[in-house]
1. What order do MET133, MET110 take when sorted by accessible area (1.4 Å probe), most exposed first?
2. Largest first and to the nearest Å, give the Cα extent of region 134-200 along each principal axis.
3. Under a Cβ-only charge scheme (Lys and Arg +1, Asp and Glu -1), can you give me the dipole magnitude of region 169-222 about the Cα centre, in debye to the nearest 20?
4. With +1 on the Cβ of every Lys and Arg and -1 on the Cβ of every Asp and Glu, and nothing else charged, how large is the dipole of region 97-205 about its Cα centre, in debye rounded to the nearest 20?
5. Mind checking the full-extension length gain between VAL81 and LEU125? Use 0.36 nm per residue of separation minus the Cα-Cα distance, one decimal, nm.
6. May I ask you to rank ARG174, ARG42 by accessible area, largest first, using a 1.4 Å probe over the protein chains only?
7. Can you give the Rg to Rh ratio for region 88-232, taking only C-alpha atoms and Rh from Kirkwood?
8. Report, by chain and number, residues whose modeled amide H sits under 5 Å from the one on LEU107, excluding near sequence neighbours (fewer than 5 apart, same chain).
Amino acid sequence: EIELGWSTDQQTMLKVGRSRMSVNLGSEEFPERVSLDLRDLRVEPNVGAEHIDISHFELHVRRAAPINPTVDMAFFIEDLVFGQASGYIFGQDLQELSVEISLKGNLPRMWTRPALNEWSETGGLVELHKLQMRWGDLDLKVDGTFAVDNEFRPIGAASAAIKGYLALLQELGRKGLISNPTAFAAGLAFDLLAEPDSGDGKGVLRVPITIQDGKLHLGPVPLIEVGPIIAP
């Protein structure tokens with residue numbers, strides 16, 4: 001067993017049952033490939049009973065040649081269990097989270113508006129090849145392309161396949177992100193659009209996702225407001 005500790009605002013301990021890590025250096029001795037494979041992982045604060053257990057976590061990062069700057073990233077989480085279920089959106093057990101993305105363009109060296117603006121104006125994009133999540137009643141698959149607009153809000157388009165969309169609407173309402181009338185109307189619209197699934201009998205909602213002018217639309221329904229990712 002390996003224990004790694006570090007200090008931030010709160011001390012955190014990372015306990016790893018089985019692990020594997022590899023790093024490939026490029027000609028400039030800058031990592032071109034990084035792979036991390038962790039098993040039987042626990043993340044917990046030094047004080048308090050709250051913790052997160054993860055059965056399997058993988059992270060892979062690959063940097064392309066400078067002539068066509070791209071960073072490809074993929075990570076995978078299997079069987080994440082929160083130590084306390086209270087307050088988590090879809091319960092204590094997150095069965096799977098898998099993400100594959102490509103970050104196009106020279107990435108900002110600092111998380112500031114000028115740096116993000118330079119990245120955006122030189123063709124910076126986020127290509128989401130795959131996002132798949134199974135968490136409680138929610139089963140979600142998304143792929144699309146995103147950028148930032150001139151007010152530093154996300155903008156883009158994607159396609160989604162969602163099981164458990166009523167649970168998603170319920171949680172958005174509970175968190176105050178949408179009103180109860182909006183959740184009710186969206187639920188009716190999604191029920192009409194959903195397709196039956198032969199596997200488990202649950203309806204599958206296959207809709208486009210668009211983010212534009214500070215609004216996120218799920219199919220024809222304007223769902224939530226989307227603000228700037230960096231505050232003024």
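1. Heavy-atom accessible area, descending, gives MET110, MET133.
2. 42, 28, 23
3. Using only the charged Cβ atoms, the result is roughly 200 debye.
4. I would put it at about 300 debye.
5. Value of the extension gain: 12.6 nm.
6. From most exposed to least exposed: ARG174, ARG42.
7. Ratio of gyration radius to Kirkwood radius: 1.00.
8. none
The values are calculated or read from the model by the stated rules, or taken from the named source; none is laboratory data. Quick caveat, the model's predicted, so the values are computed rather than measured. So basically every Cβ, Gly included, is an ideal-geometry build from the backbone, and we count neighbours across all protein chains shown. We work out accessible area using only protein heavy atoms, side chains counted, and drop any ligands, DNA or RNA first. Shrake-Rupley method; radii C 1.70, N 1.55, O 1.52, S 1.80 Å.
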